[in-house]
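Trainee: Here it is, the structure, as structure tokens.
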Amino acid sequence: MQRAFFLRILWLIGLVVAVAGCGSGGKLGGVSVAAVSIRSAVPAKLDTQAIVTLRFTNENVVPVGLSGGKYKLYLNGTYVGQAVGKEALGLPQLSSATQEATLTFASPSVAALLRDLSKAPQASYRIESVLFVIVGEEKLEIKSRNQGAVDLTGLRSN
């Protein structure tokens, strides 16, 4: 039932984007991604993956349906890895929502870096995102870049 509702919303969003996109050359923007927190994928063990909570903000006056995305994460200027989101997410107009994604580390040294960074409650981050929107048979991408501070308290071992 929830899937059918989402598909109807996605179809409506696709129709709105298609109509609005006729004058804009098929480009869509106004969606940003922020990293909220990072925690261990396996409690008390930080090996090759972590869970990152992402906040998506739709600044458009129309709803946007995302079919997934790719996210490159940098902490304190160091590339730590990439997450791939495969779950669909509907964003009503002028709203935000959160979703978790599994962050796969770029190298084994990232685990040691995260252990060191976890001594502080936060770290500065930069996230580069490519969001996927499917409108009918057309696939659109929204690219965004954001930075700020991310909560690292979920990385601390008990």
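Only the coordinates and a few stated rules stand behind these numbers; no lab work does. A quick note: this is a predicted structure, and the numbers were derived from the prediction, not measured. So basically every Cβ, Gly included, is an ideal-geometry build from the backbone, and we count neighbours across all protein chains shown.
Trainee: On a straight-distance basis, which aspartates and glutamates could pair with K119 in a cross-link, Cα separation under 13 angstrom, same-chain partners fewer than 8 positions away excluded?
Mentor: Cα-Cα hits under 13 Å: D151.
Trainee: Next up: If neighbour count is taken as other Cβ atoms inside 10 Å, put L114, L66, L94 in order from fewest to most. Please list the in-between numbers first.
Mentor: Numbers: L114 21, L66 24, L94 13.
Arranged by neighbour count, lowest to highest, L114, L66, L94 become L94, L114, L66.
Trainee: Now, a different point. Using only Cα atoms, locate the centre of the stretch 40-70 and the centre of the stretch 116-158, then give the distance between them in Å, rounded to an integer.
Mentor: After rounding, the separation between the Cα centres reads 7 Å.
Trainee: Amide H to amide H, which residues 5 or more places from L66 or on other chains are under 5 Å from it, using H placed in the peptide plane?
Mentor: L89, G90, L91
Trainee: N76 versus D151, label points 7 Å from Cα toward the beta carbon: distance in nm?
Mentor: Output for this residue pair reads 2.1 nm.
Trainee: Next up: Could you work out the local net charge near R156, counting Lys and Arg as +1, Asp and Glu as -1, over the other residues with Cβ closer than 10 Å to its Cβ? Intermediate results must be reported in sequence, preceding the final value.
Mentor: On the way: positive: R39, R115, K119; negative: none.
Net of charged neighbours comes to +3.
Trainee: Between T104 and V61, what FRET efficiency follows from the Cβ-Cβ distance if R0 is 41 Å, with the result rounded to 0.05?
Mentor: Values: r = 35 Å, r/R0 = 0.86.
Computed FRET efficiency for T104 and V61 comes out at 0.70.
Trainee: Follow-up question, since we're still on this one. Can you give me the long-range amide H partners of D151? Hydrogens built in the peptide plane at 1.01 Å from N, cutoff under 5 Å, separation of 5 or more residues or another chain.
Mentor: Amide H neighbours of D151: S37, I38.
Trainee: Among 141-153, 53-65, how do they line up by average Cβ neighbours within 10 Å per residue, starting with the highest? Spell out each step's value before the answer.
Mentor: Values: 141-153: 15.0, 53-65: 18.6.
The densest-packed peptide leads the list: 53-65, 141-153.
Trainee: Equivalent ellipsoid semi-axes for the stretch 41-116, as square roots of 5 times the alpha carbon gyration tensor eigenvalues: give them largest first, rounded to whole Å.
Mentor: Semi-axes from the Cα gyration tensor: 28, 12, 10 Å.
Trainee: If you don't mind, another one. Within 14 Å, Cβ to Cβ, of S96, how many net charges do the neighbouring residues add up to if Lys/Arg are +1 and Asp/Glu are -1?
Mentor: Values: positive: R55; negative: E59.
Within the 14 Å Cβ shell, the charges total 0.
Trainee: Can you work out ³J(HN,Hα) from phi for every residue in the stretch 107-115, in order, using Karplus 6.51 cos²θ - 1.76 cosθ + 1.60 and θ = phi - 60°, giving whole Hz and x for Gly and Pro?
Mentor: Using θ = phi - 60°, the values come out as 7, x, 5, 5, 4, 5, 4, 5, 4 Hz.
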